[in-house]
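Inspection log for the structure reproduced underneath, given as structure tokens.
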Amino acid sequence: MFSYITKGTLPTLSIAFVLMGAGISTLAQVSPAGENLYCGPGNTPSFGTTDGPATLPQSCYYTALSGTISGGNVYTATSTSGLIKLLSTAQCGDVIQLTAGSTFGMFTVPAKSCDANHYITIRTSSPDSSLPAEGTRITPCYAGVVSLPGRPAYSCPDSTNVMAKISTSTKGRDIGFTSGANYYRFIGLELTRDAGTGTVSTLVSTSGANNVIFDRVWAHGTATDTTSVGFSLDTSSFVAIIDSYLNDFHCPSSPSCLDSKGISGGHADTTPEGTWKIVNNFVEGAAEDVGFGTAGLISVFASSKDQRVGDMVAGTVVVREREAEAPAFAQVFASPVSDPALRRSFKPVAFTADVNSLTESEIEVVETFLRRRWDLADVPRQWMAWRVAMPLLYKLRPEYDRSTFTYEGFLEELLHRFREHHRFSE
């Protein structure tokens, strides 16, 4: 499948998806028609122009090995200190191999003056023949894990560990990037965190980097620890996650964690970011497999007939007012509370937070949802209430009684409080 995300409130953002979600079989692991079906050498896009009212992406990232050349020297690291030393001295086009079966600590990728013909590749020392072919998704089998409970089965005829592991034992991250750390490719690595070492907010952050490819990697948290985000793509451009496996990004040990994602981005208000390419991956996040933006996305809801697949993946929701469905004047004023957004249908949720920190645009999202929610069936309505509430909960960090909390009751109470405080402001 191929889906897209329209530009919306992220004017520089272009994202391409061929995504396998956590609940979808991973048996067909070869990227459909090639991961560069819509992109040619030199980042030449071939999406077309429009799909109905939506403008298709006009930027792409060509990620074939033949187009991201590392033709320099090959070095092998056997320890974290050795890896860091090699990174500091590596020249553009070099290859740094990490000994397969070994574990390395966290590191920061340095800035170099590289270009599209001189990528620095950081990879497992195992030969290409030990890995899935280019364009084929990797699984935990290649790290010696025959199966993962609760996930779709994957083929594992040989459980030899051919990957190198990078694992953090602190609350930091596995891999970070210095601003300007451009033109890097990672192949055949297991990216994770040590168990029992507290909350890890982000496993990999590409902030400040451009032209970075994660190819056939297994990135994961643990079953019992909070690992909020797998990859954060904020303030980075031309980043690709391809043919990879991401799991256990959740918050089982941190009540203050309100959102967890396999892949996250789109939070920069002014810094240009994108193009991002996410193709042929298994992605598992407890809240969102892939999530872009928070409350800054000015989103309102529509019925299932109006919403495109790309909008669903993005968490962006589109509304269209349809004249034929607009209520008559008499219908609007038939209720003592004329605005349906202000009618209470759930028990008010008592919470402690400063609602004045919210913007009028954020309240418009709440108001529009509450006004139109009864057009939806129960399950889509409840999902939409959760989707609207989550970024606001993340921003406000309210105190409330979990035993009586409902998302719609919270949104109703939030709107009433905000309007009460601001009713004389205009």
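Which residue pairs have Cβ atoms closer than 8 Å, lie 6 or more positions apart in sequence or on different chains, and pair a first residue in the range 380-408 that is in contact (Cβ under 8 Å) with a residue 12 or more places away in the chain and more than 15 Å from Glu362 (Cα to Cα) with a second residue that is of a type in the set (S, T, N, Q) and part of a helix (DSSP H, G or I)?
From residues that are in contact (Cβ under 8 Å) with a residue 12 or more places away in the chain and more than 15 Å from Glu362 (Cα to Cα), the pairs are Tyr407/Gln382; Glu408/Gln382.
Just need a number here: residues in the range 211-232 that are part of a loop (DSSP other than H, G, I, E, B) and within 16 Å of Val200 (Cα to Cα). Walk me through how you get there before you give the answer.
Of the range 211-232, the ones part of a loop (DSSP other than H, G, I, E, B) are 216-217, 221-226.
Now narrow it down to the ones that are within 16 Å of Val200 (Cα to Cα): 221-226.
Adding up the residues that qualify gives 6.
Restricting to the range 184-234, name every residue that is of a type in the set (Asp, Glu) and farther than 24 Å from Gly67 by Cβ.
Filtering the range 184-234 for residues of a type in the set (Asp, Glu) gives 190, 194, 215, 225, 234.
The answer is Glu190, Asp194, Asp225, Asp234.
Which condition breaks for Asp354 when tested against (1) surrounded by fewer than 18 Cβ atoms within 10 Å (Cβ to Cβ); (2) within 22 Å of Cys251 (Cβ to Cβ); (3) modelled with pLDDT of 90 or more?
(2)
Only residues that are among the hydrophobic types (A, V, I, L, M, F, W, C) and at pLDDT 80 or above: list them for the range 32-69, please. Let's see the steps before the verdict.
So the first thing to find is which residues in the range 32-69 are among the hydrophobic types (A, V, I, L, M, F, W, C), and the list is 33, 37, 39, 47, 54, 56, 60, 64-65, 69.
Selection gives Leu37, Cys39, Phe47, Leu56, Cys60, Ala64, Leu65, Ile69.
Given the residues Phe214, Phe238, which is the only one that is closer than 22 Å to Met106 by Cβ, assigned by TED's automatic domain parsing to the domain that holds Glu35, aromatic (Phe, Trp, Tyr) and in contact with a strand residue (DSSP E or B) (Cβ under 9 Å, 6 or more places away or on another chain)? Write out each step before concluding.
Details: Phe238 fails: closer than 22 Å to Met106 by Cβ.
Phe214 is the lone residue from the list that is closer than 22 Å to Met106 by Cβ, assigned by TED's automatic domain parsing to the domain that holds Glu35, aromatic (Phe, Trp, Tyr) and in contact with a strand residue (DSSP E or B) (Cβ under 9 Å, 6 or more places away or on another chain).
Filter the range 106-120 down to the residues that are in contact with a helix residue (DSSP H, G or I) (Cβ under 9 Å, 6 or more places away or on another chain) and under 23 Å from Thr202 (Cβ atoms), then identify the one that is surrounded by the most Cβ atoms within 10 Å (Cβ to Cβ).
Ile120
Which residue, of Ala77, Ala90, Ala100, is surrounded by 19 or more Cβ atoms within 10 Å (Cβ to Cβ), at pLDDT 95 or above and farther than 24 Å from Asn182 by Cα? Spell out how you get there, then give the answer.
Details: Ala77 fails: farther than 24 Å from Asn182 by Cα; Ala90 fails: farther than 24 Å from Asn182 by Cα.
Exactly one of Ala77, Ala90, Ala100 is surrounded by 19 or more Cβ atoms within 10 Å (Cβ to Cβ), at pLDDT 95 or above and farther than 24 Å from Asn182 by Cα, namely Ala100.
If the requirement is being outside any strand (DSSP E or B), out of contact with any Pro (no Cβ under 8 Å at 6 or more places or on another chain) and farther than 28 Å from Trp276 by Cβ, which of these qualifies: Ser113, Ser81?
The unique qualifying residue is Ser81.
So, Phe301, is that one outside the structural domain of Asn281 (by TED's automatic domain parsing) and either modelled with pLDDT of 90 or more or over 30 Å from Thr50 (Cβ atoms) (or both) or not? Walk me through it before giving the result.
On the way: outside the structural domain of Asn281 (by TED's automatic domain parsing): yes; either modelled with pLDDT of 90 or more or over 30 Å from Thr50 (Cβ atoms) (or both): no.
For Phe301, the condition - outside the structural domain of Asn281 (by TED's automatic domain parsing) and either modelled with pLDDT of 90 or more or over 30 Å from Thr50 (Cβ atoms) (or both) - is not met.
Pairs please, first residue from the range 248-271 and over 21 Å from Phe214 (Cβ atoms), second anywhere and at pLDDT below 85 and not in a loop (DSSP other than H, G, I, E, B), Cβ atoms under 9 Å, 6+ apart in sequence or on different chains.
Leu258/Tyr394; Asp259/Glu288; Asp259/Gly291; Asp259/Tyr394
The values are calculated or read from the model by the stated rules, or taken from the named source; none is laboratory data. Note that the structure is predicted; figures quoted are calculated from it, not measured. Here Cβ is always computed from backbone atoms with ideal geometry, including for glycine, and neighbour counts include all displayed protein chains.
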